Amino acid sequence: MVLSQYNSFEVKYCKKCVVSNQRPRIEFNSDGVCAPCLYAEQKQRSIDWAKREGELVALLDQYRSKDGSYDVIVPASGGKDSSYIAHMLKTKYGMHPLLTSVAPNMWTDVGWENLTNLVDAGFDQVMMRPSGQVYRKFSRLAFEHFGDPFLPFGYLVKAFPIRMAIQYRIPLVMYAEDGEVEYGGDTKNQHRGTIDYDSDMVRQYFSGFSPESWMKYGLTYNEIQSFMLPTFEEIKQARLDYRYFAYYRKWVPQENYYYAAEHVNLKPNPMRNEGTYSKYASFDDKLDGFHFYMAYIKFGIGRATSDAAHEVRDGHITREEAVALVHKYDGEFPARYFRECLDYMDITESEFEKIVDNYRRPHLWEKTDGKWILKHRVS
Ligand SMILES: [Zn+2]
């Protein structure tokens, strides 16, 4: 099957879900169906999940400790996915996980409560909290020059578990899902359950911007060191094995939520997440809304598009329902923590608007009667 990326100036929507070809690195087949939809069909029909679970057991048998020492790192935010994985590894597969967590820019109450509940359910955890001063400065720079204040958090989420794996001599790191495979991007690791650390990490997750590239914007080496990924040499020396749990067990985010609610007392957001209709994913940082809002500005697809596309693929809603949800919620302005976020990043409202408008590309946006309007919407 030939998959290709459309010309990025010509906006096209997947025939099965609601995602568009503006999502970075996403591929479509010649019938106009996106790679994550095709992969979702394989998940339903052709992947032998019993065989995959057998592979998981064989993998874990290789690493399971006999004396109860930690044998697997689980990067954990306290959300549904990490809670599900940590609990499954410990109770179903007899592993001894060490959780690694990265503090968000600004905790929400429910985010903190969920992480605490997970740890209280019987897990040891190490947490990375970068200097507040540096975190703020870096997030602001990333907002200004990359259009996403979340990038520094993203660096830490990838770097910290690996650093801890090396430091604690725990050879196995179990990530959740490969976003490139599940939600759209590079399909090359679809049937592997792992990535090529040296070539994929920076390209796929950071769009080519490594933490070191921010030194030219005024950050010092001392300030960025905790955000930096260990080198490939360090990884090789430590013989690290990093895997995606979603390769081994059929990945259905909604079911992860139900599992985590039952077993580790995970709570949903008491309020609907801004920009979408859901309450179940990614709400531990007050900056979350801006990350998704900026995706809407940069690519014309926001948080509701992403949530609705997953649910169509999992067979929970129809495409028509998804289109209606996108029209209703996509691009909703994240007003709830707006003032706090401006204060945090130390920018004024007019600076904020100027930065946002910088990321509106002319093939996606036009200004009519002083208002910005998307030129294309899913239908
Ligand atoms: Zn699709």
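The values are calculated or read from the model by the stated rules, or taken from the named source; none is laboratory data. Everything numeric in this text was worked out from a predicted model, so none of it was measured. Counting neighbours? That spans all protein chains shown, and the Cβs are built from the backbone with ideal geometry, glycine included.
Return the residue satisfying two criteria in turn: it lies in segment 337-379 and is of a type in the set (S, T, Y) and exposed (fewer than 12 other Cβ atoms within 10 Å of the Cβ), and of such residues it is nearest to the chain's Cα centre (by Cα). If you could, list the steps in order and put the result at the bottom.
In the first step, residues of segment 337-379 are kept if they are of a type in the set (S, T, Y); the result is 337, 344, 348, 350, 359, 368, 379.
Filter again for exposed (fewer than 12 other Cβ atoms within 10 Å of the Cβ), leaving 348, 350, 368, 379.
Numbers: T348: 28, S350: 29, T368: 34, S379: 26 Å.
Looking at the filtered set, the residue picked out is S379.
For segment 68-85, which positions are within 18 Å of P268 (Cα to Cα) and of a type in the set (A, V, I, L, M, F, W, C)? Spell out the reasoning first.
Taking segment 68-85 as the starting set, the residues that turn out to be within 18 Å of P268 (Cα to Cα) are 76-85.
Within segment 68-85, A76, I85 qualify.
Please state which one of G315, G300 is buried (at least 22 other Cβ atoms within 10 Å of the Cβ) and either basic (K, R) or within 24 Å of the chain's Cα centre (by Cα) (or both). Explain how you work it out, then say what you get.
Working: G315 fails: buried (at least 22 other Cβ atoms within 10 Å of the Cβ).
Just one listed residue meets the conditions, G300.
Considering segment 215-229 alone, what residues qualify as being in a helix (DSSP H, G or I) and touching a helix residue (DSSP H, G or I) at 6+ places or on another chain (Cβ under 6 Å)? Step through it out loud before you land on a result.
First, pick out the residues of segment 215-229 that are in a helix (DSSP H, G or I): 215-217, 221-227.
Within segment 215-229, Y217, E223, I224, F227 qualify.
Among A261, A295, which is away from the ligand (no atom under 16 Å from the Cβ), surrounded by fewer than 22 Cβ atoms within 10 Å (Cβ to Cβ) and at pLDDT 90 or above? Working first, answer last.
Numbers: A295 fails: surrounded by fewer than 22 Cβ atoms within 10 Å (Cβ to Cβ).
Result: A261 is the single residue among A261, A295 that is away from the ligand (no atom under 16 Å from the Cβ), surrounded by fewer than 22 Cβ atoms within 10 Å (Cβ to Cβ) and at pLDDT 90 or above.
Which one of these does V11 not meet: (1) assigned to a helix (DSSP H, G or I); (2) aliphatic (A, V, I, L, M); (3) within 16 Å of the ligand (Cβ to nearest atom)?
(1)
Taking the options T231, T220, name whichever one is at pLDDT 95 or above and β-branched (V, I, T). Even if it seems obvious, please write down each step before you answer.
Details: T231 fails: at pLDDT 95 or above.
Within the list T231, T220, the selection yields T220.
List every residue pair whose Cβ atoms sit under 6 Å apart, with the two residues 6 or more apart in sequence or on different chains, where the first one lies in segment 73-100 and is crowded, with 23+ Cβ neighbours inside 10 Å and the second, anywhere, is assigned to a helix (DSSP H, G or I) and hydroxyl-bearing (S, T, Y).
Close Cβ pairs satisfying both conditions: A76/S82; K80/Y257; Y84/Y259.
Step by step: first the residues of segment 22-54, then only those that are loosely packed, with under 14 Cβ neighbours inside 10 Å and farther than 19 Å from D186 by Cα, then the one that is nearest to the ligand (Cβ to nearest atom). Which residue is that?
The qualifying residue nearest to the ligand (Cβ to nearest atom) is Q44.
Can you tell me which residue within segment 25-52, out of those that are of a type in the set (V, I, T) and under 22 Å from T318 (Cα atoms), is modelled with the lowest pLDDT? Steps first, answer last, please.
Quick first cut of segment 25-52, residues of a type in the set (V, I, T) only: 26, 33, 47.
Now drop any that are not under 22 Å from T318 (Cα atoms), which leaves 26, 33.
Numbers: I26: 91, V33: 96.
Per the stated criteria, the residue is I26.
Looking only at segment 341-370, which residues are in contact (Cβ under 8 Å) with a residue 40 or more places away in the chain and either assigned to a helix (DSSP H, G or I) or charged (D, E, K, R) (or both)?
Those that are in contact (Cβ under 8 Å) with a residue 40 or more places away in the chain and either assigned to a helix (DSSP H, G or I) or charged (D, E, K, R) (or both): C341, Y344, M345, D346, I355, V356, N358, R360, R361.
Looking at segment 109-128, which of its residues are touching a helix residue (DSSP H, G or I) at 6+ places or on another chain (Cβ under 8 Å) and closer than 20 Å to P152 by Cα?
Passing the criteria: V126, M128.
Can you pull out the residues in segment 24-72 that are of a type in the set (F, W, Y) and touching a residue at least 60 places away in the same chain (Cβ under 8 Å)?
Filtering segment 24-72 down to residues of a type in the set (F, W, Y) leaves 28, 39, 49, 63, 70.
Residues satisfying the conditions are Y39, W49, Y63, Y70.
Quick one: which helices (runs of 4 or more DSSP H) lie wholly within segment 230-289 and hold at least 2 residues that are in contact with an Asp or Glu (Cβ under 7 Å, 6 or more places away or on another chain)? Write out each step before concluding.
Details: elements: 232-238, 245-248, 253-264.
Answer list for segment 230-289: 245-248, 253-264.
Within segment 303-324, track down each residue that is within 16 Å of the ligand (Cβ to nearest atom), without any contact (Cβ under 8 Å) to a residue 40 or more places away in the chain and touching a helix residue (DSSP H, G or I) at 6+ places or on another chain (Cβ under 9 Å).
Within segment 303-324, the subset within 16 Å of the ligand (Cβ to nearest atom) is 304-323.
The next check asks that each one be without any contact (Cβ under 8 Å) to a residue 40 or more places away in the chain; those that pass are 304, 307, 317-318, 320-321.
Result: A304, D307, I317, T318, E321.
How many of the residues making up segment 101-114 are free of Cβ contacts under 8 Å to residues at least 60 places away in the same chain and not hydrophobic (A, V, I, L, M, F, W, C)?
To start, the set of residues in segment 101-114 that are free of Cβ contacts under 8 Å to residues at least 60 places away in the same chain comprises 101-103, 109.
With not hydrophobic (A, V, I, L, M, F, W, C) added as a condition, the list becomes 101, 109.
Summing the residues that are free of Cβ contacts under 8 Å to residues at least 60 places away in the same chain and not hydrophobic (A, V, I, L, M, F, W, C) in segment 101-114 gives 2.
Quick one: what pairs do we get from segment 8-23, first residue without any contact (Cβ under 8 Å) to a residue 60 or more places away in the chain and closer than 17 Å to A40 by Cβ, second within 10 Å of the ligand (Cβ to nearest atom) and assigned to a loop (DSSP other than H, G, I, E, B), C-beta under 7 Å, 6+ apart or different chains?
Close Cβ pairs (under 7 Å, with a partner that is within 10 Å of the ligand (Cβ to nearest atom) and assigned to a loop (DSSP other than H, G, I, E, B)) amount to K15/G32; K15/V33.
Test each condition in (1) surrounded by fewer than 19 Cβ atoms within 10 Å (Cβ to Cβ); (2) under 18 Å from V157 (Cα atoms) for L172 and report the one that comes out false.
Here L172 clears every test but (1).
If V19 passes every condition in (1) among the hydrophobic types (A, V, I, L, M, F, W, C); (2) more than 25 Å from M88 (Cβ to Cβ); (3) more than 13 Å from the ligand (Cβ to nearest atom); (4) in contact with a Gly (Cβ under 9 Å, 6 or more places away or on another chain) but one, which one does it miss?
The single condition V19 does not satisfy is (3).
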